[in-house]
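**Student:** Provided herewith is a single structure, encoded as structure tokens, for subsequent inquiry.
The values are calculated or read from the model by the stated rules, or taken from the named source; none is laboratory data. Computed from a predicted model, the values in this text were never measured in an experiment. Reconstructed Cβ throughout: ideal geometry from the backbone, glycine too, with neighbour counts over all protein chains shown. We work out accessible area using only protein heavy atoms, side chains counted, and drop any ligands, DNA or RNA first. Shrake-Rupley method; radii C 1.70, N 1.55, O 1.52, S 1.80 Å.
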Amino acid sequence: MSKVTDRLNIHLADWNLLYTKLHHYHWYVTGPNFLALHAKFEELYDYAGTSLDEVAERILALGGKPISTLKQYLDQTMLTEAGKEKTAEDMLESVIKDFRTVVDSLKETGEMADEAGDSVTTDMLNGHIEELQKQIWMLTATAKGLPVKA
Ligand SMILES: [Fe+2]
């Protein structure tokens, strides 16, 4: 079981990274789609906030210890912090890429939990996968509607 809680700590780190990164995009996005994207990034950091707590409490329910410092999150996340993205398109691209990375990694953990007989954890992770896949579709549709960079 410890393998599953170790993997859950990586998801916890990723959700924390996304929580901060999506705030950055919420504050710094500019352009004609500001209002829509400002609101969308808020919706997404709220989802990250809910999910990180869900994952941490699942780790505790399994008898594990959720990591809980920013340093630990930065050490364990598979994602990178906001940085060079300046345009709305760059930000959308980065979120879509991160969400795809997280979906792949959640699927692997779900399989691992299934093998360990822990279908409750798999159910939780499948819920996150379902939501992220929906958001990937919406963000991709939005990105196509934005002016294309030269
Ligand atoms: Fe705000």
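**Student:** Run down Gly83, Gly110, Gly63, Gly49 and say which single residue is more than 17 Å from Leu139 (Cβ to Cβ) and within 16 Å of the ligand (Cβ to nearest atom).
**Tutor:** Gly49
**Student:** Taking the condition of being closer than 25 Å to Ile129 by Cβ and modelled with pLDDT under 95, how many residues in the range 78-88 meet it?
**Tutor:** 1
**Student:** Starting from the range 77-98, keep only residues that are within 23 Å of Ala13 (Cβ to Cβ) and open to solvent by less than 40 Å² (accessible area, probe 1.4 Å), then list their pairs with residues that are outside any helix (DSSP H, G or I) and at pLDDT below 95 whose Cβ atoms are within a distance under 7 Å, requiring at least 6 positions of separation or different chains.
**Tutor:** If the second residue must be outside any helix (DSSP H, G or I) and at pLDDT below 95, the pairs left are Met91/Glu85; Ser94/Glu85.
**Student:** Could you pull out every one of the helices (runs of 4 or more DSSP H) wholly within the range 1-117 that has 3 or more residues that are on the phi > 0 side of the Ramachandran plot?
**Tutor:** Ranges flagged: none.
**Student:** Identify the single condition in (1) surrounded by 13 or more Cβ atoms within 10 Å (Cβ to Cβ); (2) within 15 Å of the ligand (Cβ to nearest atom) that Ile10 does not satisfy, given that it satisfies every other one.
**Tutor:** If we test Ile10 against (1) surrounded by 13 or more Cβ atoms within 10 Å (Cβ to Cβ); (2) within 15 Å of the ligand (Cβ to nearest atom), just (2) comes out false.
**Student:** For the range 41-59, check the following and say yes or no: at least one residue is open to solvent by 30 Å² or more (accessible area, probe 1.4 Å), more than 16 Å from Gln135 (Cβ to Cβ) and at pLDDT below 95.
**Tutor:** For the range 41-59, residues open to solvent by 30 Å² or more (accessible area, probe 1.4 Å), more than 16 Å from Gln135 (Cβ to Cβ) and at pLDDT below 95: absent.
**Student:** If you don't mind, there's one more thing I want to ask. For a quick check of your reading of the model, give me the residue pairs whose first member lies in the range 106-123 and is within 9 Å of Arg7 (Cβ to Cβ), whose second is exposed (fewer than 14 other Cβ atoms within 10 Å of the Cβ) and not aromatic (Phe, Trp, Tyr), with beta-carbon atoms closer than 7 Å and at least 6 apart or on different chains.
**Tutor:** Hits for this filter: Met112/Lys3.
**Student:** Right, another one. Any chance the range 65-76 includes a residue that's modelled with pLDDT under 95 and either surrounded by 21 or more Cβ atoms within 10 Å (Cβ to Cβ) or over 18 Å from Glu131 (Cα atoms) (or both)?
**Tutor:** no
**Student:** Which residue, of Leu62, Leu37, is farther than 17 Å from Lys144 by Cα, open to solvent by less than 80 Å² (accessible area, probe 1.4 Å) and touching a helix residue (DSSP H, G or I) at 6+ places or on another chain (Cβ under 8 Å)?
**Tutor:** Going through Leu62, Leu37 in turn, the sole match is Leu62.
**Student:** If you check every pair at least six apart or on different chains, which have Cβ atoms under 6 Å apart with a residue in the range 39-59 that is farther than 19 Å from Thr122 by Cβ first and a residue that is within 12 Å of the ligand (Cβ to nearest atom) and open to solvent by 20 Å² or more (accessible area, probe 1.4 Å) second?
**Tutor:** Filtered contacts from the range 39-59: Tyr45/His23.
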